[in-house]
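Input: a single structure, listed below in structure tokens.
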Amino acid sequence: MDKLVIEGGKPLSGTIVIQGAKNAALPILAASLLAEGTTTIDHVPDLLDIDVMLNILRELGCRAEHVGGTVVLDTETAHTSHVPESLMRQMRSSIFLMGPLLARFGETQVYQPGGCAIGERKIDLHLEGLKALGAEIEEIGNRIICRADKLQGADIHLSFPSVGATENIMMAAALAEGRTTISNAAREPEIQDLQHFLNAMGAKIMGAGTDTITVDGVQSLTPCRYKVIPDRIVAGTIMVAAAATRGQVTLQNTQPAHLSSLIHVLRRAGVQIVVDGDIIKVGCATRPKAVERIVTSPYPAFPTDLQSQVMVLLTLADGVSILKETIFEGRLKHVDELSRMGADIRVDMNAAFIRGVPRLYGATAEATDLRAGAALVIAGLAAQGKTVVEQIHHIDRGYEKIETMLSRLGARISRYAPVPNN
Ligand code: UD1
């Protein structure tokens, strides 16, 4: 397994262009199945999760190429709606294929995407939504068989604003007969991006970004060319890394409005942030201040996907901060690793009480999930001495060549791959 070796203590400095959003690209790739023909998607990041999605689409019969950030996807040749279990289990986001496959083929067979390091991650809301649109769903062990001769628009209220369920229902409803209304819908920017993409293919969807989305079904969709929004979580990770190393970084290709909760938290911590169009400048010359209370919640509140990274900054702050995780029950596993680097954190249920220390010390630490892995990299950059981050395949799921990106900002970070035994 590859690992990252970091010599910490060097402030990040320089300019970086932010990659396209993984969490927007994945549902958009799945939604491409709704239109027969060749769709071109620009600004698709080069990541493990994207590779898995493209491999699934190829397995379904599509032709897919990913060159220089552009995916060219021909869905005309798709011939099956059955996703093999081995591929389903490689990535939770494979569940996004259920809605589009059902709408295109009138049936689909998928598998439970399986457990996850950050919590249980149920799919009941996805299934309830598709049932409301007229699907018959049979669950045999891990296997889920969905059938619908015809999808019919419906009023669907989500008991929780699930991002994935909102997206799956939008995609299936795009080709349903009549109007679908999703209330208590998730409001994340990636949902707006999916709406823009579907509408570019000819769908009639309104309201993404609010808690009520209306989908007027159309008979068919046509392929299009589309550019994915910038990744707000990657941008947020770099912003926190800049602050934690007391550096000065300029981020280009961002949508600052998507980062307003993070910007608010960082400013409360005393970090300087200047926003100018799609550029964000982050600087932190002195020790950050503690932030009394941060609670992760659905957008536009503070994102769970930035919780672990911000925790690293707070371990170095002056005073006691409280960070509460309300989205995923298993998402404080990085606390043990950070504690071994000298952080002073006490966990009570889903809340972390963080007493800032003057410095962290390098250690060998294990990435337990994607964002926890990114947090350990930030800790390594800020720490005194050498840090080794293991299990970095988690990080490769969401960050495009993280070591190259950070080296360009002056970080001393290298990737080591094991030498194969002959
Ligand atoms: C998406 C993001 C992920 C982010 C998460 C929350 C993608 C590819 N991933 O994941 O990075 O951390 O949003 O912002 O976009 N739930 C149910 N039943 C369901 C679905 C969800 O109980 O049918 C629960 C989950 O267990 C979890 C919560 O709802 O506790 C949030 O999940 P959801 O919003 O669906 O997240 P994802 O779409 O999986």
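Laid out as a table, the results:
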quantity: Among 60, 387, 41 - extreme Cα towards positive end, dipole of the chain, charges at beta-carbon; calculated: 387
quantity: Table column - 3J(HN,Hα) (Hz), region 230-238, Karplus curve with 6.51, -1.76, 1.60, x for Gly and Pro; calculated: x, 7, 6, 6, 5, 4, x, 4, 5
quantity: Mean shadow area of region 22-227, taken as a quarter of the surface of its Cα convex hull (nm²); calculated: 9.7
quantity: Cleavage-rule hits, GluC sites (Glu not before Pro), region 94-163, DSSP coil, Cβ neighbours within 10 Å at most 11; calculated: 120
quantity: Ranked packing of 92-103, 374-385, most packed first, by mean Cβ within 10 Å; calculated: 374-385, 92-103
quantity: The chain: Rg to Rh, with Rh as the Kirkwood radius over Cα pairs; calculated: 0.98
quantity: Ellipticity estimate at 222 nm from DSSP helix runs (n ≥ 4, -39,500 (n - 2.57)) divided over the chain, nearest 500; calculated: -8500 deg cm²/dmol
quantity: For the chain, built as a Gaussian network whose Cα springs stay under 10 Å, the top-fluctuating residue of 217, 14, 362; calculated: 14
quantity: Distance between modelled label sites at residue 59 and residue 285, nm, 7 Å Cα→Cβ extension; calculated: 5.5
quantity: Surface share of carbon and sulfur [accessible, 1.4 angstrom probe, percent] for region 22-227; calculated: 44
quantity: GNM top mover of 72, 357, 274 - the chain, alpha-carbon springs below 10 Å; calculated: 274
quantity: Net charge dipole size for the chain [Lys, Arg +1 and Asp, Glu -1 on Cβ; Debye, nearest 20]; calculated: 1520
quantity: Relative contact order, percent, region 22-227 [alpha-carbon distance under 8 Å, six or more residues apart]; calculated: 21
quantity: Cβ-placed point charges (K, R +1; D, E -1), dipole of region 22-227 about Cα centre in debye, nearest 20; calculated: 80
quantity: By average C-beta atoms within 10 angstrom, highest first, the peptides 183-190, 79-86; calculated: 183-190, 79-86
quantity: Lys pairs under 17 Å by Cα in the chain, provided they are eight or more residues apart or on distinct chains; calculated: 8
quantity: Computed E for residue 211/residue 264 - FRET, C-beta separation, R0 25 angstrom, nearest 0.05; calculated: 0.75
quantity: Size-normalised alpha-carbon gyration radius of region 254-408, reference 2.2 N^0.38 Å; calculated: 0.99
quantity: Region 16-104, relative contact order in percent, only Cα pairs under 8 angstrom and at least six apart counted; calculated: 34
quantity: For the chain, with +1 on Lys and Arg beta carbons and -1 on Asp and Glu, the positive-most of 161, 134, 399 along the dipole; calculated: 399
quantity: In Hz, Karplus ³J(HN,Hα) per residue of region 162-178 (6.51, -1.76, 1.60; θ = phi - 60°; x = Gly, Pro); calculated: 5, 5, x, 5, 4, 5, 4, 5, 4, 5, 5, 5, 4, 10, 7, 8, x
quantity: Sequence of 1, 91 when ordered by accessible area, the most exposed leading, probe 1.4 angstrom; calculated: 1, 91
quantity: Rounded to 5, the percent of DSSP beta bridges in region 22-227 classed as antiparallel; calculated: 75
quantity: 12 Å beta-carbon shell around residue 190, net charge (K/R +1, D/E -1); calculated: -2
quantity: Note, ³J(HN,Hα) from phi for region 146-157, Karplus 6.51, -1.76, 1.60, rounded to Hz, x at Gly and Pro; calculated: 10, 9, 7, 4, 8, 8, 10, x, 7, 8, 10, 10
quantity: Accessible area in square angstrom per residue, the chain, 1.4 angstrom probe; calculated: 39
quantity: Centre separation in Å (Cα based) which lies between region 236-304 and region 158-182; calculated: 32
quantity: For residue 364, residues with placed amide H under 5 Å, excluding near neighbours; calculated: 388
quantity: Mean separation of Cα contacts under 8 Å, 6 or more apart, over the residue count of region 167-222: relative contact order %; calculated: 46
quantity: Solvent-accessible ranking of 311, 405, largest area first, probe 1.4 Å; calculated: 405, 311
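The values are calculated or read from the model by the stated rules, or taken from the named source; none is laboratory data. Keep in mind the model is a prediction, meaning the values are calculated, not measured. All Cβ positions, even for glycine, are placed from backbone atoms using ideal geometry, and neighbour counts span all protein chains on display. When the accessible area is computed, the model is the full protein with side chains, heavy atoms only, and any ligands, DNA or RNA have been set aside. Shrake-Rupley method; radii C 1.70, N 1.55, O 1.52, S 1.80 Å.
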